[in-house]
1. Please find, among A:128, A:202, the residue that is modelled with pLDDT of 90 or more and either open to solvent by less than 10 Å² (accessible area, probe 1.4 Å) or outside the structural domain of residue A:36 (by TED's automatic domain parsing) (or both).
2. Just name the residue that is farthest from residue A:60 (Cα to Cα) out of those in the range A:26-47 that are surrounded by fewer than 20 Cβ atoms within 10 Å (Cβ to Cβ) and within 11 Å of DNA strand C (Cβ to nearest atom).
3. Look at the range B:35-54 and say how many of its residues are assigned to a helix (DSSP H, G or I), within 14 Å of another protein chain (Cβ to nearest Cβ) and among the hydrophobic types (A, V, I, L, M, F, W, C).
4. Failed condition for residue B:106, given (1) surrounded by 15 or more Cβ atoms within 10 Å (Cβ to Cβ); (2) facing another protein chain (nearest Cβ under 7 Å); (3) not β-branched (Val, Ile, Thr), with all others met?
5. Which residues, counting only those in the range B:131-144, are touching a residue at least 60 places away in the same chain (Cβ under 8 Å) and open to solvent by less than 30 Å² (accessible area, probe 1.4 Å)?
6. Looking at (1) over 29 Å from residue B:133 (Cα atoms); (2) charged (D, E, K, R); (3) modelled with pLDDT of 95 or more, which is the only condition residue A:154 fails?
Number of protein chains: 2
Amino acid sequence: MEEPPVPAEAGTPIPRGIGARRRVLRAALQVLDEHGLAGFTMEAVARSAGASKATLYRHWPTSGALLIDAMDATFQPFPVPDTGHVATDVAELLAAFADLLERTPFPRLLAAFIDAAERDPALRTLHADLTRRRREPLLVALARGRDRGQLSVRLDLDLTVDLLAAPFFYRRFVAHRPITPDLINDVIAEVLRPPGSGGGAAAPVGGTAPRHQSVS
Amino acid sequence: MEEPPVPAEAGTPIPRGIGARRRVLRAALQVLDEHGLAGFTMEAVARSAGASKATLYRHWPTSGALLIDAMDATFQPFPVPDTGHVATDVAELLAAFADLLERTPFPRLLAAFIDAAERDPALRTLHADLTRRRREPLLVALARGRDRGQLSVRLDLDLTVDLLAAPFFYRRFVAHRPITPDLINDVIAEVLRPPGSGGGAAAPVGGTAPRHQSVS
DNA sequence: TCTTATCGGTACGCTACCGTTTCGATGGAG
DNA sequence: CTCCATCGAAACGGTAGCGTACCGATAAGA
């Protein structure tokens, strides 16, 4: 995905092309943000980048390949807080995530990407990979909490990450309701199960009563 | 949104147009499913419907208006089970929902719709409304459970619906991992808090410890 | 300084979709 | 049966994107 600023040493010269490349990638994200997947066009990106279509085709064979590189470049990992309290760490990560969803162009990019990933296997793979990387900080924070004894060793960490992160996506992309600060507290309260009181089931539930166990 | 099958009685005849209209709506969904939002074109829909473009423009001024009507027509409410056990009812609803996500064209339609809703306020409104209607059965099942005393009266039902439904969307559209039957059990176990044992926090969590309360 | 790969700009023919119009066919209502 | 609103088909000029090819300009490496 990267090219060294200076040719490694081999016969291939390839020295100069990265400036334009970066400008095109930035422009690609801007076009995707403003006009969605339907407006994501080689012409539109070239226009927005002040570049020539020929330049785009020199670097990327198709608009899909360009989209993949552009989305790949968006990833920025969250730093993992380490306060000693798992709930605090998780709250901080979720707050940063909520901010990403409410106050940056990220969600509009993701919405376009979700649609694209439905029909292009390569994009689908990249999307799954980016998601995995984005989950990492939360997973680390939970693992630390478990090692500290703040979480049950039987807790399925991957499932917990799902349960923690999912409501934010749901609110933003499906329900289209605002993500309130309360949501962070409520989600943590429900999923991490604080010790004391709190709402919840008060009587046994029957029928296909959940066996609590999970593999993946 | 509806036209009476037979003219109510007024001067307007409007008898014959609904056959073609339905065919076009079906075709619109098929095109959206197969080619995504980028391929959603008046020409493509007309072709797929075996209809004339003129016919489409007689009924819908723009492709966006057609998309709205088509998506609106997709809604089919789940029947609300009523077994007397809230966990069983919820499990049944979630199983039906998982099936909808894994074995029907619905999710691809929704993915296209999510992207479209980011940029068109009318689609956004419709999307929010469809989601609200889709939540209704789960909400009813939870309310019955609460009235039966199986859930705390302090439980925020809307939040609970969020927490129950969100992981399925997340798995399908974001993480791109399969929705296993275990997920249903795990989600219910976490969110509805079965009485007995089960994984979860084992020690107090400090810091910005969650105040468990929510308004909406 | 000289070379050379990459650059932006422009133009090409091609295809697809737009939104409208005109036409003859058709089928339901009176 | 007759009427007539609606239908499908076809064609229109216009716009936009595709992917390719060529150009002179330019900036980095030798």
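1. Details: A:202 fails: modelled with pLDDT of 90 or more.
Just a single option satisfies the conditions, and that option is A:128.
2. The qualifying residue farthest from residue A:60 (Cα to Cα) is A:38.
3. Within the range B:35-54, the first condition is being assigned to a helix (DSSP H, G or I), and the residues that meet it are B:35, B:37-39, B:42-49, B:53-54.
Now drop any that are not within 14 Å of another protein chain (Cβ to nearest Cβ), which leaves B:35, B:37-39, B:42, B:44.
Those left that are additionally among the hydrophobic types (A, V, I, L, M, F, W, C): B:37-38, B:42, B:44.
Within the range B:35-54, residues that are assigned to a helix (DSSP H, G or I), within 14 Å of another protein chain (Cβ to nearest Cβ) and among the hydrophobic types (A, V, I, L, M, F, W, C) number 4.
4. Failing condition for residue B:106: (2).
5. Correct list: B:137, B:141.
6. The failed condition is (3).
Residues checked against (1) within 14 Å of another protein chain (Cβ to nearest Cβ); (2) within 12 Å of DNA strand D (Cβ to nearest atom):
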site: B:27; (1), (2): no, yes
site: B:33; (1), (2): yes, no
site: B:65; (1), (2): no, no
site: B:73; (1), (2): no, no
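A quick yes/no check of all residues on (1) modelled with pLDDT of 95 or more; (2) within 11 Å of chain B (Cβ to nearest Cβ); (3) within 16 Å of DNA strand C (Cβ to nearest atom); (4) outside any helix (DSSP H, G or I):
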site: A:56; (1), (2), (3), (4): yes, no, yes, no
site: A:79; (1), (2), (3), (4): yes, no, no, yes
site: A:90; (1), (2), (3), (4): yes, yes, no, no
site: A:96; (1), (2), (3), (4): yes, no, no, no
site: A:113; (1), (2), (3), (4): no, yes, no, no
site: A:134; (1), (2), (3), (4): yes, yes, no, no
site: A:137; (1), (2), (3), (4): yes, no, no, no
site: A:141; (1), (2), (3), (4): yes, no, no, no
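The values are calculated or read from the model by the stated rules, or taken from the named source; none is laboratory data. Note that the structure is predicted; figures quoted are calculated from it, not measured. Counting neighbours? That spans all protein chains shown, and the Cβs are built from the backbone with ideal geometry, glycine included. SASA here: full protein model, heavy atoms, side chains in, ligands and nucleic acids out. Shrake-Rupley method; radii C 1.70, N 1.55, O 1.52, S 1.80 Å.
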